[in-house]
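The values are calculated or read from the model by the stated rules, or taken from the named source; none is laboratory data. Please read all numbers here as calculations on a predicted model, not as lab measurements. Cβ sites come from the backbone with ideal geometry, for glycine too, and all protein chains shown count toward neighbours. Remember, those area values only see protein heavy atoms, side chains included, never the ligands or the DNA or RNA. Shrake-Rupley method; radii C 1.70, N 1.55, O 1.52, S 1.80 Å.
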Amino acid sequence: ADARSKWVDATHNISCVMTGFNYSSDGWMKDADGNTVLRVSGDARVEIPYKPFERDFKSYGKTIEIELATSAVRDYEAVIMSCFDKDRGFYITPQIAKLKSQQTELQTQYKENDHVRLTFVIEKNVESRIIYMYINGIASGAIQYPADDTFRQLTPKTITIGSNDAAVDIYNIRVYDNNLTR
C-alpha cells in the first residue's frame, strides 16, 4: 500500500482507513504556516477505528481534542467529522461543534479558515458533572448533565472525517479517558 495512505497510532494500535484521496488537492500537505496537515476534501474520507462512546465514561471522565481548519465550504450544515449514533456522540460542521448525551446537548461556534483546537471535556459524575467546550483553551460553553444521563452509544460508532461540501485540515486528534483541566 502507498505510504501516504497510512495514519497509524502505534501506541494504541489504531490504523486509520483512508479512501478516495488523490494526493494532489488532498492528503498529507503543508498549511500556510508550514504545518503538516491531513487535508480531507472532495471524495476523500478517513475512518478512525476507535469508538469513544462505546462505554459510559461518567465514572472516569473523557476529553476529546481536535485541531482542525475548514475551508472551501459549499454547505455550512455539512458534517465534516462525526462520531454520532442517533442521539449521542459528537459531530462537527464547518462552523459548529456539538456534543450530545442521552439528555444533554452543548454546542459552540468557531470560524472557518482558522486553525482551531476544539475540546470537549466531560467531568466524572462524582465531580460537578459539567460538560465543557473550549476553543483554543478558552471556555466557550458549559452545562451540567443529570446524574442518570448516559454517553454510551447503543450502536458504538467510529470517528469519520470528510465531506464533499467542505474541506477540513486535521492537525491532531487526541482522546483521554479522564477529564483534563483547561
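Quick check on segment 67-92: of everything there that is under 10 Å from the mean Cα position of the chain (by Cα) and open to solvent by 10 Å² or more (accessible area, probe 1.4 Å), which residue is farthest from Pro49 (Cα to Cα)? Only one residue fits best here, namely Glu67.
Considered as a group, the residues in segment 138-162 that are farther than 25 Å from Val46 by Cβ and under 18 Å from the mean Cα position of the chain (by Cα) include one that is surrounded by the fewest Cβ atoms within 10 Å (Cβ to Cβ), and that residue is Ile138.
Does at least one position in segment 143-162 carry a residue that is more than 14 Å from Met81 (Cβ to Cβ), of a type in the set (Val, Ile, Thr) and at pLDDT below 95? Within segment 143-162, not a single residue is more than 14 Å from Met81 (Cβ to Cβ), of a type in the set (Val, Ile, Thr) and at pLDDT below 95. Does Phe21 count as within 19 Å of the chain's Cα centre (by Cα), surrounded by 15 or more Cβ atoms within 10 Å (Cβ to Cβ), modelled with pLDDT of 95 or more and among the aromatic types (Phe, Trp, Tyr)? Here the answer is no, as Phe21 does not meet what is asked. Glu123 meets each of the listed conditions (1) open to solvent by 30 Å² or more (accessible area, probe 1.4 Å); (2) more than 23 Å from Asp26 (Cβ to Cβ); (3) not hydroxyl-bearing (Ser, Thr, Tyr) apart from (1).
Exactly one residue out of Glu54, Glu47 is farther than 18 Å from Arg117 by Cβ and in contact with a Pro (Cβ under 6 Å, 6 or more places away or on another chain), and it is Glu54. Among the conditions (1) of a type in the set (Val, Ile, Thr); (2) surrounded by fewer than 20 Cβ atoms within 10 Å (Cβ to Cβ); (3) touching a Leu at 6+ places or on another chain (Cβ under 6 Å), Ile131 misses just one, which is (2).
In segment 28-55, which residues are open to solvent by less than 60 Å² (accessible area, probe 1.4 Å) and under 18 Å from the mean Cα position of the chain (by Cα)? Result: Val37, Leu38, Arg39, Val40, Ser41, Ala44, Val46, Ile48, Pro52, Phe53.
For beta carbons closer than 6 Å, sequence separation of 6+ or different chains, a first residue in segment 25-44 that is free of Cβ contacts under 8 Å to residues at least 24 places away in the same chain and a second that is assigned to a loop (DSSP other than H, G, I, E, B), the qualifying pairs are Gly27/Phe21. Ala97 falls short on exactly one of the conditions (1) crowded, with 20+ Cβ neighbours inside 10 Å; (2) on the phi > 0 side of the Ramachandran plot; (3) small (Gly, Ala, Ser), and that condition is (2). Looking at the structure I just gave you, is Gln107 more than 28 Å from Trp7 (Cα to Cα), within 17 Å of the chain's Cα centre (by Cα), of a type outside the set (Asp, Glu) and open to solvent by 60 Å² or more (accessible area, probe 1.4 Å)? For Gln107, the condition - more than 28 Å from Trp7 (Cα to Cα), within 17 Å of the chain's Cα centre (by Cα), of a type outside the set (Asp, Glu) and open to solvent by 60 Å² or more (accessible area, probe 1.4 Å) - is met.
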